[in-house]
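Asker: Quick one: the structure is below, questions incoming.
The values are calculated or read from the model by the stated rules, or taken from the named source; none is laboratory data. Bear in mind that the values here come from a model prediction, so they are computed numbers and not experimental data. Cβ placement follows ideal geometry from the backbone for every residue including glycine, while neighbour counts extend to all protein chains displayed.
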Amino acid sequence: MKAKRIVAALLGALLLAAAKAPAGPQQPQEQSVVTHHHIVQGGQTENYTATAGTLTVKDDKGAPQASIFYVAYTLDGADRSHRPVTFLYNGGPGCASSPLHMMAFGPRRVAIANAAPTGGPPYQLVDNQYSLLDSSDLVFIDAPGTGYSKVLPKVDPKSIYGIDQDAAAFAQFIERYITLNERWNSPKFLLGESYGTPRSAALVNYLQSNDTMNINGVVLVSSVLDFDTIAPGPGNDLAYVTYLPTEAAVRWYHDKSANKPSLQSVIDEARAFANGPYASALMQGSRLSHDQFVKIATEVARLTGLSEHYVELADLRIQPQRFEKELMRDGGQQTGRLDARYTGYDMDVLGDSAEYDPADSYNSPVLQSGFLTYMRSELNWKNDEHYAQCNGDINQNWDYTRKSVFGWLAPTTSGDLQQAMTTNPLLRVFDAAGYYDMATPFGAAEWTFSHLELQPPLQSHVQFGYYESGHMIYAHVPSLEKFHSDLDRFYSATLNQR
């Protein structure tokens, strides 16, 4: 009896200690809601299944890290071993996938005004004739901390919020999705926008190097792989060069004069000047002669629409946010950053730089309302939590550092893409750029890919698409239509190569 009392006491102590021990992250319950729909595209009616749900990703010790929300669209009756599947996500970092989902490639689209305020609700949801569902099944992913995706309690966000950490989390989600849905033998594509493009470069290399998963194609929308190409400032003249053709295009768009030259001729002229005389002048710095300085300032002013005096005061170097403010200052307006076709009234007429982005201010509320209405009324996802379209805390706390055999590197993922395209010589890349994008100018992508150091046979595996729109190319319906056609051809050519 004494021995039994001792054993009971020991068991009681163990149970009490277990009860007092701090609990680790609990496994969240994965969930999904399935609905069935149809869409008419190209004169054909297609039935498809929508799945809204969550999957859990874990750290290298098996502890749950994040619950990731996604919406998947799969064509009914398709042969999954031949039907492509595309994983889509947005940027920020810290923004959810809803723009790509509800304005670009999902089967339903929220209608917005063209380069103008849409107005107040009610907003219109329409069938999307330009959905990518005609070429591929689609999986829209909200990054951890965005949309309905959550970093779990007691998990350090730093373990996810960074270039390499983020790529590892996305890779695990993709591997889990294709395993649970029997898609290992399906052709696979990645499609990312803005920060989603450096994510794609890191992710495709991670998937191929760590998970032994080949990717057929990568679509980069409004790309930036080398961050120096979009961050002009002291010691970095490169970004002034990459921005100049975009500024010339924006000036052309807002020029109301009759008989103005074609957009393409203006871009070609600005591109040649930026990459030639302008780049050479900036490289010389204070060694540039006065006569050359005046000559370059005159040409920059002509191309950008700014005054020669302003360009000279700026030492030939126009900060993007200052250009957005200065171009239309006489009318008390400023241009957009995400899309410089948009204009908004100045809040501070004497201010140095743009105070807000009209493109974002006009479209974000429409997108949020349309997305949440769609999720609840058509996909039956009844979630009363806040949907974080963009989370500024993620952006401010993002870890851009990377470790390599050479030490710490500046923020870039171009080397990842080079490695992925070299080790998988059938990988194809499509880079889509808007002419009026003041966030990630098309000149930045051109510089990056011309310096990717691919062997000559691989250089043709990168294809460019240019559109008369901004960062969110699809905000201009004619550009969305052209983009859709370009991607249909890209998917077909990629899948038919041998």
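Asker: Pick from P122, P144, P99, P153: which is in contact (Cβ under 8 Å) with a residue 40 or more places away in the chain and surrounded by fewer than 23 Cβ atoms within 10 Å (Cβ to Cβ)?
Answerer: Criteria check complete, one pass: P153.
Asker: Residues A445, A433, A493: which one is under 19 Å from P232 (Cα atoms) and among the aliphatic types (A, V, I, L, M)?
Answerer: A445
Asker: Additional query: Looking at this structure, is K158 in a helix (DSSP H, G or I) and either among the basic types (K, R) or on the phi > 0 side of the Ramachandran plot (or both)?
Answerer: So K158 passes the test.
Asker: Condition first: of a type in the set (D, E, K, R) and in a helix (DSSP H, G or I). Now tell me which residues in the stretch 257-277 satisfy that.
Answerer: D268, E269, R271
Asker: Checking the conditions here, which among R183, R176 is within 28 Å of N496 (Cα to Cα) and in a loop (DSSP other than H, G, I, E, B)?
Answerer: Being within 28 Å of N496 (Cα to Cα) and in a loop (DSSP other than H, G, I, E, B) holds for just one of R183, R176, which is R183.
Asker: Next question, about the same structure. At least 2 residues that are modelled with pLDDT under 95 in each: list the strands (runs of 3 or more DSSP E) lying fully within the stretch 380-498 that qualify.
Answerer: Of the strands (runs of 3 or more DSSP E) lying wholly inside the stretch 380-498, those with at least 2 residues that are modelled with pLDDT under 95 span 402-404, 407-409.
Asker: Sticking with this one: Could you list, in sequence order, the residues of the stretch 76-114 that are on the phi > 0 side of the Ramachandran plot and under 19 Å from the mean Cα position of the chain (by Cα)?
Answerer: G92, G94
Asker: Working carefully through the options A445, A432, A388, find the one that is over 30 Å from Y48 (Cα atoms) and either buried (at least 17 other Cβ atoms within 10 Å of the Cβ) or not β-branched (V, I, T) (or both).
Answerer: Testing whether each residue is over 30 Å from Y48 (Cα atoms) and either buried (at least 17 other Cβ atoms within 10 Å of the Cβ) or not β-branched (V, I, T) (or both) leaves just A445.
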